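Heads up, the thing below is written out as structure tokens.
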Amino acid sequence: MMRVANCSRLLQPRCIKPTVVLDRVRLWFAVACGSLLCTMAADAGSLDDYQTKIKPLFKTRCFSCHGALKQEGGLRLDTVELMIDGGVFTPGDTTDSVLIDRVSETSVEDRMPPEHEGEPLSKAEIELLSAWIAGGAPAPEDEQPEIDPDDHWSFQPIERPVVPTVKKASWVRNPIDSFIAKAHEENGLTPQPDAPRAILMRRLYLDLIGIPPSSDEIAAAEADKASDWYEKIVERLLEDPRHGERWARHWMDIWRYSDWWGLNAQLRNSQRHLWHWRDWIVASLNEDRGYDEMVRLMLAGDELHPNDTDSLVATGYLARNFFLFNRNQWMDETVEHVGKAFLGLTFDCAKCHDHKFDPIEHTDFYKMRAFFEPYQVRMDMLPGEANLIKDGLPRAFDALLDAPTYRLIRGEEGNPDKSKVIQPGVPEFLDFEPAGENPLDIQPIPLPAEAWQPERRDWVLKNHLAAATAKQKSVQTKRKQAEAAMEKAGEGDTAAEFALKLARVDVEITNAEHESISLRYEAMKAEWDESTSEEVAMAAKAAAIRAERKVSLLQAKRSLIDVEKRLGEATEDKREAIEKEQAKAQVKLDKAEQALAAKILPDDSFTPLIGAQWSATRFLSTGKDDPAVEFPPQSTGRRTALARWITDRNHPLTARVAVNHLWTRHLGQPLVATVFDMGRNGAKPSNAALLDWLAAELIDSGYNMKHLHRLIVNSAVYRMSSSNAGAESNLAIDPDNHLWWRRVPIRLESQVVRDAVLSLAGTLDPTMGGPPVPAAKQPESKRRSLYFFHSNNQRDLFLTMFDEALVTDCYRREQSIVPQQALALTNSKLVLTSAGQIADRLSVDGEDARDFVVRSFKTLLGIDADDAEIAASLKALSVWEGQADGSVQRARGHFIWVLVNHNDFVTVR
């Protein structure tokens, strides 16, 4: 059975926001800790009390202003000696203590901690401090102050550690194991043996492609006598296209993938057709595109390769951040999640004030924002579809080239400090020596014409003409139907006459529209071509204008016919209103005829064909779309500079963050528990040398992620059993397995639970890519769960039950254990339908029930069933077969249903 996470893991970042978790913890504190602190205050005079109670209180409430990061008033409180030297108290004397006076102060202006740092200390906390001071303020003799923040481990250059030499060299399969084995030897731990082949097969398949192995694949592996049987399977799975699907979902969690959402049809967040970015992630992983290149393209593909559709797709990462109503929220979330996802830093903590733990100044948040200030989102036309509602390419582009960035005082949107425009920049403590030229040398980027005039792309005209041709064919069909109906009805049938009139004018309209498209494009080409004479350009323009006016005339004619039709059908009480409409329609037609006959003037214009559409915003709170922005002929180059800085091989954070995520999803728990915070408030690495070795390996391999996958899954630590059997000594030394002496069981993610059921049933649709499955069709869909429409408004209920990723952020999946999960596996149509199909696939003609039971345990659970399990299973099958409606087939379906509800079905052992 899975263990419920212990308290030390409660605050680890997963899919729930840390603020939510902390709020829950504070509620518990409010109820439980008041009386506890009073009890502790009575005996707070020992050295141990200082280490376990007093210093943590100072660290939580005081160090951010009076520690290594900052020394307000020249005062430090991170050692007792510094406190005494600073005159805040005299040991043994609480009657004249500046410390006690300031924390007890009732005046908000004089109280410490100050108001902007949170609530005052509680009465119990003040009594705790008083008792400690009265007891002589004991502290360690060698107490050291906090280290310089710039010397924090993750801010140091990545240097490849020497692979340690270990005594148990026979256990080591690659350098990863040497680092793990060294920790074992230093702590008296013995690694667990390899897991059985069936478990290793299930582990590899679920880990690398997200689909369990079939019974035949397990049998083949168990029968393979070659010494490299395991390595061959690893290579095959790494080359399997499903590998990209499996690992795309991991990165989509971290990169906050979300299909669009809003109110009804109104787009408010993310973008339509964002699935193109999802498919790009899948393809990039299968092609083994470097992690650094993926990051660069996601942040600045439109600047680096402005005419390459594949690179533009990558900027869906930024398009996803679109927010209709509030630019500050859009920018805040962009800075926050670029910092967390790629750098493992909580920049958002500096939005309102200097960071309390890391040397990130308030202004640094806005320096980071300035990299993104100019960007907006638009939808580019793709080959084959002119209607951008049906399909298109959501992408980023720089529109607001001169938009200033101001520091918001205390983060308040309505309180900008306009005395100084903030320029793009990064915190000083991350000013490392770059591997090449300074990546932060920001230079404007001139764009090719097709990038800022997307209507030039050759498929735009083809798309518009194809759409017009399809419309022509449709109305021509309707005209023929109307002619046939008229012939059948005969003269005098006014309904048929009007239907034919409307059908004929519709044909005229579509023919005119088709001609207008061609003429407008020719006029646009004349404008683009500098060698075209003014006379020729004017003639092309005039032809385009006349073509548009002809369309308008025909549409006015149709409107008049439609009004006349309704007038003929109207009752007497409706005629007057419709006659007024008729008069207006006639006036409109007359004006259209006059416009068509009028002379074309130099200032007259036509409607150009569009190749892209700006994603409108409503930042001005007018209730209407803001004035449209243009597509400038250059980009600022800011995002390119930031992307190159983040992916510089000498950057101390990027590779560490990436390999921590890779390790977490392979091994079940991270090397650094706070996966989005490697700053001073984050956790220390459980194996710092291994983390840096993996980071160096990733960099030196060209950020080749498949290389890291291969190393990790081929290691001895990955292949260990997850069992505690025979490990009493290890459990006594390291009960939480921080030092990796056994494999950590991992609960399957929601998508894998569903996909595994369908795969074992043989009904999983292997089709890759394309638009997402809409919510209404998901219950019956057999597509892989990766392809379900997934947004803040619409998430599949079954997937949500098993801790589906939140779209706001999900740096680690939750692994909850709730009754609804068991109910879903027991009662869902998915499981009930699939159980019989799985049983049929696992049944072999001529084999007895025992063989079926053994094969089922191994295929669904990775378990070699023992005699007792087999006997109990056979007895159950017999009972089910003997029921009134019983049969061998139904009994076996019941049995598979039971195994699907077993804990090991939803667990990677």
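Summary of values
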{"quantity": "In segment 48-76, the residues that are under 18 Å from Ala131 (Cβ atoms) and in a loop (DSSP other than H, G, I, E, B)", "calculated": "Cys62"}
{"quantity": "Subset of segment 49-77 (residues that are under 19 Å from Arg680 (Cβ atoms) and touching a Phe, Trp or Tyr at 6+ places or on another chain (Cβ under 6 Å))", "calculated": "Leu77"}
{"quantity": "Top-ranked residue in segment 261-282 [being assigned to a strand (DSSP E or B) and in contact with a strand residue (DSSP E or B) (Cβ under 9 Å, 6 or more places away or on another chain); ranked as surrounded by the most Cβ atoms within 10 Å (Cβ to Cβ)]", "calculated": "Asn269"}
{"quantity": "Exclusive hit being hydrophobic (A, V, I, L, M, F, W, C), surrounded by fewer than 16 Cβ atoms within 10 Å (Cβ to Cβ) and either under 17 Å from the mean Cα position of the chain (by Cα) or closer than 30 Å to Gln889 by Cα (or both), set Leu748, Leu786, Leu832, Leu758", "calculated": "Leu832"}
{"quantity": "Residues satisfying the stated conditions in segment 789-829, i.e. in contact (Cβ under 8 Å) with a residue 60 or more places away in the chain, surrounded by fewer than 16 Cβ atoms within 10 Å (Cβ to Cβ) and among the aliphatic types (A, V, I, L, M)", "calculated": "Ile817, Ala822"}
{"quantity": "Number of positions in segment 111-124 that are basic (Lys, Arg) and not in a loop (DSSP other than H, G, I, E, B)", "calculated": "1"}
{"quantity": "Criterion: modelled with pLDDT under 95 and farther than 30 Å from Leu324 by Cα - qualifying residue of Ala570, Ala544, Ala595, Ala585", "calculated": "Ala570"}
{"quantity": "Subset of segment 386-405 (residues that are part of a loop (DSSP other than H, G, I, E, B) and in contact (Cβ under 8 Å) with a residue 40 or more places away in the chain)", "calculated": "Ala386, Asn387, Leu388, Ile389, Asp391, Gly392, Ala399, Leu400, Leu401"}
{"quantity": "Residue within segment 86-99 that is more than 41 Å from the chain's Cα centre (by Cα) and among the acidic types (Asp, Glu) present", "calculated": "yes"}
{"quantity": "Subset of segment 406-433 [among the hydroxyl-bearing types (Ser, Thr, Tyr) and touching a residue at least 12 places away in the same chain (Cβ under 8 Å)]", "calculated": "Tyr406"}
{"quantity": "Residue match in segment 458-477 (condition: outside any helix (DSSP H, G or I) and either surrounded by 15 or more Cβ atoms within 10 Å (Cβ to Cβ) or not hydrophobic (A, V, I, L, M, F, W, C) (or both))", "calculated": "no"}
{"quantity": "Residue count for segment 517-576, restricted to those that are within 30 Å of Phe498 (Cα to Cα), among the hydrophobic types (A, V, I, L, M, F, W, C) and over 48 Å from the mean Cα position of the chain (by Cα)", "calculated": "8"}
{"quantity": "Selection status of Leu299, touching a Lys or Arg at 6+ places or on another chain (Cβ under 8 Å) and surrounded by fewer than 23 Cβ atoms within 10 Å (Cβ to Cβ)", "calculated": "no"}
{"quantity": "Lone qualifier among Glu530, Glu569, Glu593 - being in the same structural domain as Asp506 (by TED's automatic domain parsing), surrounded by fewer than 17 Cβ atoms within 10 Å (Cβ to Cβ), among the charged types (D, E, K, R) and under 30 Å from Gln453 (Cα atoms)", "calculated": "Glu530"}
{"quantity": "Matching residues in segment 159-184 - criterion: being in contact with a Lys or Arg (Cβ under 7 Å, 6 or more places away or on another chain) and within 17 Å of Glu697 (Cα to Cα)", "calculated": "Pro164"}
{"quantity": "Residue in segment 665-685 that is small (Gly, Ala, Ser), more than 30 Å from Ser721 (Cβ to Cβ) and assigned to a helix (DSSP H, G or I) present", "calculated": "no"}
{"quantity": "Candidates Glu185, Glu125 - the one that is surrounded by 12 or more Cβ atoms within 10 Å (Cβ to Cβ) and at pLDDT 90 or above", "calculated": "Glu185"}
{"quantity": "Residue count for segment 141-151, restricted to those that are out of contact with any helix residue (DSSP H, G or I) (no Cβ under 7 Å at 6 or more places or on another chain), assigned to a loop (DSSP other than H, G, I, E, B) and either farther than 18 Å from Leu82 by Cα or touching a residue at least 60 places away in the same chain (Cβ under 8 Å) (or both)", "calculated": "4"}
{"quantity": "From Gln883, Gln815, Gln820, residue being among the polar types (S, T, N, Q), part of a loop (DSSP other than H, G, I, E, B) and under 30 Å from His337 (Cβ atoms)", "calculated": "Gln815"}
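Matching residues to (1) closer than 22 Å to Leu47 by Cα; (2) touching a residue at least 24 places away in the same chain (Cβ under 8 Å); (3) assigned to a helix (DSSP H, G or I):
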site: Asp101; (1), (2), (3): no, no, yes
site: Glu109; (1), (2), (3): no, no, no
site: Ile126; (1), (2), (3): yes, yes, yes
site: Gly136; (1), (2), (3): yes, yes, no
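Residue-by-condition table, conditions (1) buried (at least 21 other Cβ atoms within 10 Å of the Cβ); (2) at pLDDT 95 or above:
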residue	(1), (2)
Pro602	no, no
Thr607	no, yes
Ile610	no, yes
Gln613	no, yes
Thr617	no, yes
Thr622	no, no
Ala641	yes, yes
Arg649	no, yes
Ala655	yes, yes
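The values are calculated or read from the model by the stated rules, or taken from the named source; none is laboratory data. It should be emphasised that the depicted structure is a prediction, and the values quoted were computed from it without experimental measurement. Reconstructed Cβ throughout: ideal geometry from the backbone, glycine too, with neighbour counts over all protein chains shown.
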